1. For the chain, what is the convex hull volume of its Cα atoms per residue in Å³?
2. Quick one: check the C-alpha center-to-center distance for the range 99-138 versus the range 1-76, whole angstrom.
3. Treat the count of other C-beta atoms within 10 Å as a stand-in for reagent exposure and order L24, L129 from fewest to most.
4. Placing unit charges on C-beta atoms (Lys and Arg positive, Asp and Glu negative, everything else neutral), compute the dipole magnitude of the range 1-43 about its Cα centre in debye, rounded to 20.
5. Where in the chain are the DSSP H helices whose C-alpha atoms run 24 Å or more along the long axis and whose mean Kyte hydropathy is at least -1.0?
6. Find how much the distance from R106 to E122 grows on full extension, using 0.36 nm per residue of separation minus their present alpha carbon separation; answer in nm with one decimal.
7. Eight or more residues apart or on different chains, and alpha-carbon atoms under 26 Å: count the Lys pairs in the range 3-151 matching that.
8. Of W147, T35, F119, which is farthest on the positive side of the dipole of the chain, counting Cα position, with +1 on Lys and Arg Cβ, -1 on Asp and Glu Cβ, and the Cα centre as origin?
Amino acid sequence: MRKQQVLEKLEKAWADFEMSFEGLSDAHLLQPGVTENWSVKDLIAHVSWWEEEALKYLPHIRQGITPPRYKDAYGGLDAFNALMTEQMHELPLAEVKQQHLDSHHRLVAYLQNAPEELFTTETRFRRRLRLDTYSHYPEHTRAIREWRQQLNI
């Protein structure tokens with residue numbers, strides 16, 4: 001796979017995620033219950049912090065440094081997600097939306113400047129990128145669409 005193909009895959013999954021909550025009112029974006037107690041706002045924040053994690057650790061991976069394990073640093077992925085949810089929950093919706101756009105634009109800019117060879121095979125770099133982004137977004141896209149369908153919104 002070439003870098004451009006990875007970027008296209010990322011952007012398609014991103015656009016699908018964005019479309020999953022397009023047209024929802026602020027009240028709907030804040031309504032819990034999309035995924036357990038999470039609202040669409042919480043899911044937007046969740047996607048953003050995983051993009052931030054990619055931005056934080058992809059440069060380390062490029063240098064051959066193994067990022068810390070979430071199990072060791074936080075007690076696991078669920079504990080990390082719970083911590084981040086708690087930190088992000090009180091942020092205003094407008095701020096969460098802006099962080100969401102900002103983190104995505106910074107990630108895409110970073111990837112556009114990354115060497116092609118990081119994308120051509122299933123490198124540790126590409127695996128981390130996939131897990132934090134284009135294979136992650138669809139899970140939340142589906143959850144939002146199913147929630148919308150249940151509520152008929």
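No value in this document is a laboratory result; all are computed from the given coordinates. Because the structure is predicted, anything quoted here is derived from the model rather than measured. Virtual Cβ from ideal backbone geometry, glycine too; neighbours counted across all protein chains shown.
1. Values: hull volume 16.2 nm³, N = 153.
Cα-based convex hull of the chain, divided per residue, equals 106 Å³.
2. That distance is 11 Å.
3. Details: L24 16, L129 26.
In increasing order of surrounding Cβ atoms, one gets L24, L129.
4. In debye, rounded to 20, the range 1-43 gives about 320.
5. Those that clear 24 Å and a mean of -1.0 are 3-20, 40-62, 93-112.
6. Details: separation 16, 0.36 × 16 = 5.76 nm, distance 2.26 nm.
Length difference between fully extended and current span is 3.5 nm.
7. Lysine pairs, 8 or more places apart or on different chains, close enough: 13.
8. F119
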